[in-house]
Amino acid sequence: MTEHTASQFVEIVNDDDDIPAHAPAVPTMGDLVAARVSRRATLKGMSVAAAMATVGGAITAGVSREALAASASTLTFKELPHGYDEQMHVAEGYNAGVLIRWGDAVTAGAPDFDVNNQTAEAQNKQFGYNADYVGFFPLPQGSGASDHGVLVINHEYTIKDLMFDGIGPDDLAKMTKEMAEIEMAAHGASVIEVKKDGETWTVVPGSRYARRISALDTEMQFTGPAAGHDRMKTGTDATGTKVIGTLNNCAGGETPWGTVLIAEENFHGYFKGTLENHPEKRNYERYGIKDVSRYAWADHHDRFDLDKEPNEANRFGWMVEFDPYDPNAVPKKRTALGRFKHEGATTIVNPDGRLVVYTGDDQRFEYVYKYVSNGTVNTEDRAANGDLLDDGVLYVGKFDADGTLMWMPLVHGEGPLTAENGFNSQADVLIETRRAADLLGATPMDRPEDVEPNPATSTVFMMLTNNTKRKDEQTDAANPRAANKHGHVIEMTPPGGSPAARDHAAQEFTWDIFLMAGNPANPEDGAQYASGVTENGWLSCPDNVAFDKKGRIWITTDGAPKSGLADGVWAADVEGHGRALTRHFFRTPRGAEMCGPCFTPDDTTLFVAVQHPADEKGSTFANPSTRWPDFTAGMPPRPSVVAITRKGGGVIGS
């Protein structure tokens, strides 16, 4: 996910980051499509004609796109039209209800939300800003309940000019210490208990599971190879094993033993300091840290000032694990999973019992990673899995034009990862994961966001949101479009003859392009879907993903407004004639991004997060472009979590 500002709806990225200059020469888009057709047919058990259809083959004469889509897809909902307005919209036959909003009570004793008299103390008990990842954990623990559970929701970042009256997008100097600490408290995660009564979900007040995790005061522990390293030590933590808070928490994931993983993404924007002659200059510049910050935190808290705490930024950019069922559990930053701008982390148990974790580094020209544990998952003893995320091997992906994906280990002492190149230990490799991956020649991707295994097919889908900076000479087989405005989705297939046999720990996979986003009516977009995709079925900027029990893919988007339509949810089959035949299911209010798709175990509820509503040019606290979801005078827009159910009950989508 990307940050946005109210003054200019553009992605905030580091335009002068290092761009590895090792992209291979590749064929044209037409050559790529032709070369893939026969292999797609072989992999998916389809006829060549059906395979051609999935990459944009001609529509049968006399058959409308709507009719073809309805006959080919297993999804039965009536497609939602594209649009862009102040409201949220869901497909006909479904209910969409706001479950919790910024400022609503989370923990016991939380005061009522008073937007004109906010305090850090109150915000630390209330629902944070910009809801992102959503994870559902059934209650009782270990059950498959779908009407009662714990929800974990991430809070990625804050937008001061939509949170505080009289503060503009560039008014850092006006941010008081209290305002900065309200922002810090609004970051992190919220843990709430929820119940379903009929078709309505509600938050259980005063729940013993309720918890706020924030950048303000939540103590966390480092584990794994980088814990205790000298580069992790600060004036307030001489051990290099403890840190206060987590920030820019984007997407996430769940472990097989019922803990949650939350990502730290764009950590670079919270720090300031003089990088010239700084001991971490090369490291920090590779992650986009600059002399100035996007936040005023360093003006009030020395730990965000790199002149005063040179190592503090090394303590962010990790994956954080905690137990949502235990409100007293100390969150752990698992350094073995690497340090970069994590979009999230999703898991699967390999046939041999080892845990495999997939994660993307969400920035243009960055990489996709997987982690393979050395130990195996213990399904009988939950506590026995505690060290699996500390002891294993992190790999980075290299995509070849022949459809081969090689996973290259990031291991100290192997290849270029030696002292001669500044890596004196495995801790150094993990602290500077990006630079290590550069040296291995990993493939620079078009913003790898969610990377998630499909539980039905055991293949892995990667959302590549966009990359308008890619030039013609930088295209490659896995990123075939220059100035990629709309993004694409790649499917990665581990070896193995059946889903149950797929070896996710293998170092060689195959890969294929699942779809190329964009408008198929515009030839210059180079869009690829199944034939029959309707004028409402095309999407732009895939970001997050979820799969239902049938293995159908549900894609949420971030950036579609730049193409004239709202962000939202699109769904498609991944096999058969409906493969890549995307259909529009939900759309956000204006200015918002769609995040956090999460199904209950029985697929009867889909939770989604509506992030940064009204985040548009000229939109302010006093005069926002929408006041969703309250539409009350004086109340600004409030990022929220929405629960979607089928009217009368039943499975979402069919």
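Which one is surrounded by the most Cβ atoms within 10 Å (Cβ to Cβ) among residues in segment 237-252 that are over 16 Å from the mean Cα position of the chain (by Cα) and not in a loop (DSSP other than H, G, I, E, B)?
V243
Going residue by residue through segment 99-117, is there one that turns out to be closer than 27 Å to G344 by Cβ, among the polar types (S, T, N, Q), at pLDDT 95 or above and in a strand (DSSP E or B)?
No, because not a single residue in segment 99-117 is closer than 27 Å to G344 by Cβ, among the polar types (S, T, N, Q), at pLDDT 95 or above and in a strand (DSSP E or B).
Identify, please: which residue in segment 373-395 is outside any strand (DSSP E or B) and open to solvent by less than 40 Å² (accessible area, probe 1.4 Å) and is, among those, nearest to Q426 (Cα to Cα)?
D390
Regarding E265, is this residue buried (at least 21 other Cβ atoms within 10 Å of the Cβ) and in contact (Cβ under 8 Å) with a residue 12 or more places away in the chain?
So E265 fits the description; yes.
With under 22 Å from the mean Cα position of the chain (by Cα) and either in contact (Cβ under 8 Å) with a residue 60 or more places away in the chain or open to solvent by 30 Å² or more (accessible area, probe 1.4 Å) (or both) as the only criterion, which of P444, P499, P495 stands out?
Of P444, P499, P495, the one residue that is under 22 Å from the mean Cα position of the chain (by Cα) and either in contact (Cβ under 8 Å) with a residue 60 or more places away in the chain or open to solvent by 30 Å² or more (accessible area, probe 1.4 Å) (or both) is P444.
With the requirement that a residue be in contact with a Lys or Arg (Cβ under 6 Å, 6 or more places away or on another chain) and under 19 Å from K333 (Cβ atoms), what does segment 368-415 give you?
Once the filter is applied, which keeps residues that are in contact with a Lys or Arg (Cβ under 6 Å, 6 or more places away or on another chain) and under 19 Å from K333 (Cβ atoms), segment 368-415 yields S373, L389.
Among the residues of segment 319-372, what is the count of those that are open to solvent by 10 Å² or more (accessible area, probe 1.4 Å) and not in a strand (DSSP E or B)?
10
Please determine whether any residue of segment 275-293 is over 23 Å from Y369 (Cβ atoms), within 22 Å of the chain's Cα centre (by Cα) and of a type outside the set (G, A, S).
There is no residue in segment 275-293 that is over 23 Å from Y369 (Cβ atoms), within 22 Å of the chain's Cα centre (by Cα) and of a type outside the set (G, A, S).
Residue check, D165 against (1) outside any helix (DSSP H, G or I); (2) charged (D, E, K, R); (3) touching a His at 6+ places or on another chain (Cβ under 8 Å), all met but one. Which one?
(3)
Being over 18 Å from E181 (Cβ atoms) and open to solvent by less than 10 Å² (accessible area, probe 1.4 Å) narrows it down to one of R231, R286, so name that one.
Step by step, each of R231, R286 is checked, and only R286 is over 18 Å from E181 (Cβ atoms) and open to solvent by less than 10 Å² (accessible area, probe 1.4 Å).
On the basis of being over 28 Å from A643 (Cβ atoms), open to solvent by 10 Å² or more (accessible area, probe 1.4 Å) and either modelled with pLDDT of 95 or more or of a type in the set (F, W, Y) (or both), does P225 make the cut?
The answer is yes for P225.
Which residue out of D543, D603 is acidic (D, E) and more than 17 Å from the chain's Cα centre (by Cα)?
D603
Within segment 537-654, considering only strands (runs of 3 or more DSSP E) that don't extend past its boundaries, which have at least 1 residues that are hydrophobic (A, V, I, L, M, F, W, C), out of contact with any Pro (no Cβ under 9 Å at 6 or more places or on another chain) and buried (at least 23 other Cβ atoms within 10 Å of the Cβ)?
Correct list: 553-557, 568-572, 583-587, 593-599, 640-646.
Would you please name the residue that is nearest to the chain's Cα centre (by Cα), looking only at residues in segment 410-437 that are open to solvent by 10 Å² or more (accessible area, probe 1.4 Å) and hydroxyl-bearing (S, T, Y)?
Among those residues, the one meeting the criterion is S425.
Would you mind telling me which numbered condition in (1) part of a loop (DSSP other than H, G, I, E, B); (2) under 20 Å from D171 (Cβ atoms) A298 fails?
(1)
The values are calculated or read from the model by the stated rules, or taken from the named source; none is laboratory data. Remember, predicted model here, so these are calculated numbers, not experimental data. Reconstructed Cβ throughout: ideal geometry from the backbone, glycine too, with neighbour counts over all protein chains shown. These area figures cover heavy atoms from the full protein model, side chains too; ligands, DNA and RNA do not enter into them. Shrake-Rupley method; radii C 1.70, N 1.55, O 1.52, S 1.80 Å.
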